[in-house]
Structures are given as C-alpha cells and as structure tokens.
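Asks: Below are the structure tokens for one structure; questions will follow.
The values are calculated or read from the model by the stated rules, or taken from the named source; none is laboratory data. All values derive from a computational prediction rather than experimental measurement. With ideal geometry, Cβ positions are generated from the backbone for all residues, glycine too; neighbour counts draw on all protein chains shown. Accessible surface is based on the protein model in full, side chains and every heavy atom, while ligands, DNA and RNA are left aside. Shrake-Rupley method; radii C 1.70, N 1.55, O 1.52, S 1.80 Å.
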Amino acid sequence: MQIEFAKKKLYLEDDDSLSDLPEKAERLFEHQLNNWKLASDGYRSLTSVQVKQFEFDNFTIEAHFNPGRIISSSAKVDAKSIEARPCFLCIDNLPVEQKAVKIINDYFLLVNPFPIFSKHFTIPSVNHFPQAIENEIGNMLIISSMLGKDNSVFYNGPRCGASAPDHIHFQAGNFGFMKIDEEYKDILNTYGRIIYEDDEQVTTAITGCLRNFISIESNNISKITAEFKRIYNVLNKDQSNFEPMMNIISSYNDNWRLLVFPRSRHRPSYFFEEGENKLLISPAAVDLGGVFIFPREEDFNKITKELIIDIFRQVTLSDDEFKYLSDKLNNR
Ligand SMILES: [Zn+2]
C-alpha cells in the first residue's frame, strides 16, 4: 500500500506528455519552493554563499563556500556504508513533500534540496541500479536536449563524486553557473587540439588548462554516443570491473556539447589529512566545470591558486595518460 501511495503522489502534474520539459521543471521548482521547507531553506541559504575568483590564462576558477553541501562532500560512498543506508533516490524513500516531473525512459526530475545552482535538479531512474554510464549516455544526451539550452546536465561516476553510487542518476543546473559553460570557446581556442572532424562532429582534446578533457560536439546523437564509447573503451583498457573514472557535462543548443573529464583519483590527498592541512573537497563535475565547492569555511579561507592547480593535478589524468587517450582517438 505504501508503495502505491508514494507512486500516485510522486508526479506534480497528470500530463504524461514529454513536451515542454523546461516549463514543467520550472513549475516543479516553484511548487517545491512554496511547499517544501527543506527546499525553500536550501535555496534561501544560497544567498549567503561566499565566492572567490581565481584568474588563469583565458579561464577562471571560482571557489564557493556553501555549508549546505556538507552531507554530499563528506558522504561515505564505500560499499558497506551504502548498504547500511536507505537509498535516498528510490521513490519509496522520497520525502512526502517531494514531487517530480516525468522524463523519458524511466527517468524523473526532482528539485535538489541541497543546491549548488540557483536551480538544481536531480534526475534519477525509477529503477534502483548502480551508477554506470556506459549504457546510459544516450539517455543523458536526450535529457540534455529536452532540458534545452538553459540547463547543463552532468554525471558523476560512482567513484568520482556521486553520493548515490548505487542508484543511476544525473543532475542538472542552470547553464552559465559553471565557468566552463561560457568560457568554453576561449578554452577551446587557447588549449584545444582537434583530433577528429567530419561534417557532423568535432572531437577536441583540451590540455593545459589544469584538467585535461575531451569535448565532442555534434548534432547527431548516434555519432556522439559512438564517440563517447570510444573514449570509454580506451579508458577501460584494463577491462576492470569498475567503470573508468570520469565526470561528464552535457549542454545542448542546436548541437550537443559533451565534455568528458577522465579522472585518476576520487579525492585529493588533502581530503584525508588531519588538522591544518585538511581540505574537505570532493571534486565532481561542478568542480571540474570550474566551481570548487567548499562546505567548510576554514577550507574556503585556505584555498589558493597553487592548491587549485595541485587538486586538479591529483584527480585528473596526467599529460602522458591523456596523450595516450587522445592518440588512440586520433588513430581511426
Ligand atoms: Zn535507489
């Protein structure tokens, strides 16, 4: 009975059609702010977020002190801890106040009550299965095009910042919040090298801007999916049981723009330090997108350009590892 009740109450609107997703998301956001205290408190707290900017050559990194993010940044994501807690993305465990908008292929959109963005959505599957991108990249791209040009959609790998590695989900936030959204063209012009190009697709390797990454731009979803799988397979060269570590940011404005940030580590050494040297930072897509999130003020106060450089160096692919990837993608 409980399950039926939760499902019946989940969707805000009865309209099942998939049109006008951005408008429906907007209505959901308004509804949740007016009817769910946790969410309205969360978004109100954003007004007191402190921001610092660090200028590099043709790009910017911001640091945000956002105390509301403590749960996510310090989340224990080892198998034992995950097993011991109820999954907070499963429909049956959602707070009664939480409503949703239906999206394609069993995905639904929720307002994230612990926001980083001024509009921050979580997009889980209705099914509880592990965070794994290989077979879901197409869905991510479709969701990105449906949410349109005003949203960036992102994915955090199970060992790269996802606080629910046991339940497949994406997140979305307003386009332009992550520095890379608007600085992309400058970064590409300064640091990009085209490694594949045809009439419908451009793949670029970006290196030298603290975090090495690949961008794929295309209006053809099959081609962009195939190119992503090439990247995935090169990164998965050891055929390990674990997904290759990565964060992904997708945006859509007539074309898709998929940014793939391969990772070498989950958290930098500073995360595990004690006392003075500790920095509670757990880099995920938003950090790779140019906004470092600090839930503790003491860490925000300590952050410097040098630390930003070192954190990126520790958690992303080295130039040699990245060259291996871009060479493989270049040779086809
Ligand atoms: Zn779940």
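Asks: Just to be sure I understand the model, the point goes 7 Å from the Cα along the line to the Cβ. What's the resulting ASP327 to ASN219 distance in nm?
Replies: 3.6 nm
Asks: Okay, moving on. Give the aspartates and glutamates whose C-alpha is closer than 20 Å to that of LYS102, dropping any in the same chain fewer than 8 places away, or say none.
Replies: Cα-Cα hits under 20 Å: GLU4, GLU13, ASP14, ASP15, ASP16, ASP20, GLU23, GLU26, GLU30, ASP92, GLU136, ASP150.
Asks: Among the listed pairs LYS37/LYS80; LYS37/LYS119; LYS223/LYS328; LYS185/LYS278; LYS76/LYS305; LYS52/LYS278, give every one whose C-alpha distance is greater than 26 Å. Let's see the in-between values first.
Replies: Details: LYS37/LYS80 31 Å; LYS37/LYS119 16 Å; LYS223/LYS328 17 Å; LYS185/LYS278 35 Å; LYS76/LYS305 28 Å; LYS52/LYS278 19 Å.
Table pairs above 26 Å Cα-Cα are LYS37/LYS80; LYS185/LYS278; LYS76/LYS305.
Asks: Using a 1.4 Å probe, how large is the accessible area of ASP20, given in Å² and rounded to the nearest 10?
Replies: Its accessible surface works out to 90 Å², give or take rounding.
Asks: State the cysteines of the chain left without a partner when partners are defined as other cysteines whose beta carbon lies under 4.7 Å away.
Replies: CYS160, CYS209
Asks: Nearest 0.05, what FRET efficiency do ASP310 and ASN58 give at R0 = 22 Å with Cβ-Cβ as r? Show your work: numbers first, answer last.
Replies: Values: r = 20 Å, r/R0 = 0.93.
Using R0 = 22 Å, I get an efficiency of 0.60.
Asks: Within the range 114-128, what residues put their amide N at less than 16 Å from the label point 7 Å along the Cα-to-Cβ vector of CYS87?
Replies: Residues 123-128 fall inside that zone.
Asks: If you don't mind, there's one more thing I want to ask. Distance in nm between label sites at LYS9 and GLU276, each 7 Å beyond Cα in the beta-carbon direction?
Replies: Inter-label distance under the simple model: 5.3 nm.
Asks: Considering only ASN277, PHE261, ILE103, whose Cα is most displaced toward the positive end of the charge dipole of the chain, charges sitting on Cβ of Lys, Arg (+1) and Asp, Glu (-1)?
Replies: So the residue furthest toward the plus end is ASN277.
Asks: With a sphere of radius 13 Å drawn around the Cβ of THR190, what net charge do the other residues whose Cβ falls strictly inside it have (Lys, Arg +1; Asp, Glu -1)?
Replies: Numbers: positive: LYS185, ARG193; negative: ASP57, GLU183, ASP186.
Spelling it out: positives minus negatives among the neighbours equals -1.
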